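**Q** For reference, the structure I am asking about is given below.
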Amino acid sequence: MSEGMGNGRSWVNKTIAAIPPSGIRRFFDLVAEMKGVISLGVGEPDFVTPWHIREACFYSLEKGYTMYTSNYGLLELREEIVADLGKNYGISYDPKQEILVTVGVSEAIDLAFRAILEPDDEVIVPEPCYVSYNPCVIMAGGKPVNVTTKVEEGFRVRARDIEPLITPKTKAILLCYPNNPTGGVMTRDVALELAELAQKHDLLILSDEVYAHLTYEGEHICFAALPGMQERTVLLNGFSKAYAMTGWRLGYAAGPHEIIQAMMKIHQFTMLCAPITAQKAAIEALRHGENERRKMCEEYNRRRRLFVKGLNDMGLTCFEPKGAFYAFPAVGITGMTSLEFSEQLLKEEKVAVVPGDAFGSFGEGYVRCSYASSMENLQEALIRMGRFVQRHRH
Amino acid sequence: MQEILELLERNDRLTPAEIAVMLGMSEEDVKTKIAELEADKVIINYRAMVNWERAGVEKVNALIEVKVIPQRDVGFDEIAERIYRFPEVKSVFLMSGAYDLMVLVEGTTMKEVALFVSQKLATIYNVQSTATHFVLKKYKLEGVIMEGKEEVERLVVTP
């Protein structure tokens with residue numbers, strides 16, 4: 001935001017300059033210098049990618065797969081993605097026209113906004129939410145319109161809360177269930193209301209379902225599989241969370257050909273294609289990864305039960321998360337703000353959590369704790385947090 | 001039930017209370033289940049896995065291939081029993097393929113193990129032949145990597 005370097009001219013685009021840095025990033029700098037910290041601030045699995053997937057990657061390198069792929073991604077991978085979606089949700093896509101393999105879901109989100117938004121088009125973004133949605137809408141020239149989700153509603157956004165915000169400029173609703181940072185999941189009833197709303201106002205649904213496989217109770221609701229919704233849903237998913245493949249940077253979008261083609265146009269001029277090595281590994285993940293994926297999911301579920309009970313026992317009221325790997329307890333009992341709580345907890349007990357306001361102003365009053373950490377770490381973190389709350393409760 | 005077993009197989013120090021929370025069961029139910037599993041000999045033992053090398057204690061392990069002549073009515077069982085009764089013998093498996101019994105023996109010196117094989121094992125009636133292979137290094141034991149844990153550095157805070 002520095003104005004007037006030297007000759008008074010600012011080189012940075014005003015829109016970019018106006019976007020605040022990620023709240024998570026700020027906190028990261030604080031934690032990075034400390035030693036002996038138990039970090040519950042990590043939004044990625046603590047598992048290493050299953051060995052058979054890594055091994056498939058080595059094999060692909062040995063065989064000399066080091067070239068570009070189709071802009072859309074390897075057809076073999078797109079076919080596996082289509083088969084997987086068919087198996088899980090009973091929906092069918094054309095692998096040649098309706099799937100785009102991207103560099104992580106992050107890229108897919110960015111592409112989707114850039115592909116659909118006219119200047120000043122509005123996108124409904126429920127908060128608290130993942131840190132990139134609002135900035136991506138703004139960078140694509142659009143305007144995010146935030147709507148708060150409530151703990152009483154399981155952090156599910158309701159059609160009746162969205163409807164008053166709809167204007168002629170509204171183009172899409174961004175949804176993310178299972179949710180980062182709250183761990184909330186979607187239910188069929190609420191999803192059907194949202195689907196009806198989208199149809200009534202002719203809106204597009206962008207559904208980030210990267211945590212779909214990490215659903216612990218009930219079934220995951222895939223928006224594209226709801227009646228009449230496939231034609232107005234861009235389904236975004238990837239390999240990071242379910243297969244512990246964050247660093248491979250591999251995701252995909254599935255949706256109507258028109259939109260996928262538009263996204264591909266941007267992708268081909270910016271990324272060209274996702275790395276072939278990661279794509280080869282992803283094929284292995286989809287073909288043979290189910291067993292390992294389930295094992296990891298069961299382990300998260302055990303940690304979830306243990307950790308959430310521990311939080312509630314110490315007096316940090318915690319909504320029961322049914323998906324992803326986050327607990328989102330309220331810290332009001334200490335009389336502190338999210339940031340104060342997080343900073344004090346780090347200083348006094350060396351446990352890192354992420355202040356809820358990093359995920360939008362509606363996250364104030366909460367902190368995000370990731371339970372993608374070993375059982376021993378979680379147990380030790382609970383002891384330390386318990387001491388902390390005991391000292392500071394009002 | 002399988003989940004309880006899997007948890008205990010990985011860490012037998014988990015308390016019934018901890019298991020109950022992790023699996024969303026009551027502590028009483030977990031206790032009852034474990035007692036049943038113990039009574040049924042599904043759970044046959046609880047004990048620590050020791051890396052003796054790190055403890056600085058000299059132990060010699062050997063894998064011995066044993067060819068035997070199976071006996072009428074009892075097959076391999078009787079001779080297997082004669083072998084596994086020796087305290088030096090840690091494990092005995094009946095194998096398919098080039099030999100019949102795989103015997104894992106532990107001792108303090110190579111000489112001691114070699115003598116055990118030549119004097120005790122090889123001389124058992126119906127043992128045709130033995131072949132001894134000494135263990136030089138253990139990389140992974142019962143699913144646990146012995147040294148060089150996979151310590152991967154994640155960033156401390158990420159979205």
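**Q** Answer rounded, prolate or oblate for region A:161-301, using the Cα gyration tensor with square roots of eigenvalues a ≥ b ≥ c: rounded when a/c is under 1.5, else prolate when a/b is larger than b/c, else oblate.
**A** On the way: a/c = 2.32, a/b = 1.26, b/c = 1.84.
Oblate, because a/c is 1.5 or more while a/b does not exceed b/c.
**Q** Going by how many other Cβ atoms sit within 10 Å of their own, how do A:H213, A:H52 line up, fewest first? If you can, show how the numbers build up before the last one.
**A** Numbers: A:H213 20, A:H52 15.
Ascending Cβ contact count within 10 Å gives the list A:H52, A:H213.
**Q** While we're on this one: Pairs of alpha-carbon atoms within less than 8 angstrom and 6+ residues apart define the contacts here; what relative contact order does region A:253-394 have, in percent? Intermediate results must be reported in sequence, preceding the final value.
**A** Numbers: 147 pairs, mean separation 29.4, N = 142.
21 percent.
**Q** Give me B:E9, A:E98, A:E107 sorted ascending by neighbouring Cβ count inside 10 Å, so fewest comes first.
**A** Working: B:E9 11, A:E98 23, A:E107 26.
Fewest-to-most ranking of B:E9, A:E98, A:E107: B:E9, A:E98, A:E107.
**Q** With the calculation restricted to Cα positions, what are the radius of gyration and Dmax of the protein assembly as shown in angstrom?
**A** Computed over the Cα atoms of the protein assembly as shown, radius of gyration and Dmax are 28.7, 101 Å.
**Q** Something else now. Let me confirm one metric for peptide A:24-35, namely the mean number of other chain beta-carbon atoms within 10 Å of its residues' beta-carbons. Don't jump to the answer; show the numbers that get you there.
**A** Details: counts 3, 3, 1, 2, 5, 1, 2, 3, 3, 0, 1, 0.
Going residue by residue through A:24-35 and averaging, the value is 2.
**Q** Counting only residues 5 or more places away or on other chains, whose amide H sits under 5 Å from the amide H of A:L175 once H atoms are built in the peptide plane?
**A** Residues meeting the criterion, in which the H sits 1.01 Å from N, are A:L206, A:S207, A:D208.
**Q** Let me know the charge dipole size of the protein assembly as shown about its Cα centre in debye, to the nearest 20, where only the beta-carbon of Lys, Arg (+1) and Asp, Glu (-1) is charged. Write out the running numbers ahead of the final one.
**A** Values: 62 positive and 76 negative charges, 197 e Å.
Around 940 debye, computed over the protein assembly as shown.
**Q** A follow-up question, please. Counting only DSSP beta bridges with both residues in the protein assembly as shown, what percent are antiparallel, rounded to the nearest 5?
**A** Numbers: 37 of 58 bridges.
In the protein assembly as shown, approximately 65 percent of DSSP beta bridges are antiparallel ones.
**Q** Oh, and also: A:D121's amide H: which non-local residues (gap 5+, or another chain) put their own amide H closer than 5 Å, with H modeled 1.01 Å from N in plane and none for Pro or chain starts?
**A** Residues meeting the criterion, in which the H sits 1.01 Å from N, are A:K143.
**Q** Another question, then. Tell me which of B:V50, B:V92, B:P70 sits at the most positive position along the dipole axis of region B:39-159, charges placed on C-beta atoms (Lys, Arg +1; Asp, Glu -1).
**A** Of the options given, the answer is B:V50.
**Q** Going by the alpha-carbon gyration tensor, a ≥ b ≥ c the square roots of its eigenvalues, is region A:260-316 rounded (a/c under 1.5) or, if a/c is not under 1.5, prolate (a/b greater than b/c) versus oblate? Working shown, then result.
**A** Details: a/c = 4.68, a/b = 2.03, b/c = 2.30.
Here region A:260-316 falls in the oblate category.
**Q** Calculate the dipole size of region A:281-394 relative to its Cα centre from +1 charges on Lys and Arg beta carbons and -1 charges on Asp and Glu beta carbons; express the result in debye to the nearest 20.
**A** On the way: 17 positive and 15 negative charges, 61 e Å.
Charge dipole of region A:281-394: 300 debye, to the nearest 20.
**Q** Please order A:T66, A:T233 by the number of other Cβ within 10 Å, starting at the fewest. Provide the component values of the computation, followed by the final result.
**A** Numbers: A:T66 10, A:T233 25.
The fewest-first ordering by Cβ neighbours comes to A:T66, A:T233.
**Q** Name the long-range amide H neighbours of A:S39: under 5 Å, sequence gap of 5 or more, or other chain; modelled H, no Pro or chain starts.
**A** A:A352
**Q** Right, here's the next one. With the contact rule set at Cα under 8 Å and sequence spacing of 6 or more, what percent relative contact order holds for chain A?
**A** On the way: 745 pairs, mean separation 92.4, N = 394.
That works out to 23 percent.
**Q** For the Cα atoms of chain B, what angle does the longest principal axis make with the long axis of helix B:27-39, in degrees from 0 to 90, nearest 10?
**A** Rounded to the nearest ten degrees, it is 10.
**Q** Separate question: What distance in nm separates the two pseudo spin-label positions at A:Q199 and A:K265, each 7 Å out from Cα along the beta-carbon direction?
**A** 3.0 nm
**Q** In terms of the Cα gyration tensor, with a ≥ b ≥ c the square roots of its eigenvalues, is region B:50-140 rounded because a/c is under 1.5, prolate because a/b exceeds b/c, or oblate?
**A** Values: a/c = 2.25, a/b = 1.93, b/c = 1.16.
Prolate, because a/c is 1.5 or more and a/b exceeds b/c.
**Q** Under the definition of Cα pairs under 8 Å and six or more residues apart, what whole-number percent is the relative contact order of chain B? Please report the intermediate quantities before stating the final value.
**A** Numbers: 164 pairs, mean separation 32.1, N = 159.
Answer for chain B is 20 percent.
Since every read-out is calculated from the coordinates, none of them should be taken as a lab result. Since this is a predicted model, take the numbers as computed values, not measurements. Because the Cβ atoms are built from the backbone with ideal geometry, glycine has one as well, and the counts that use them run over all protein chains shown.
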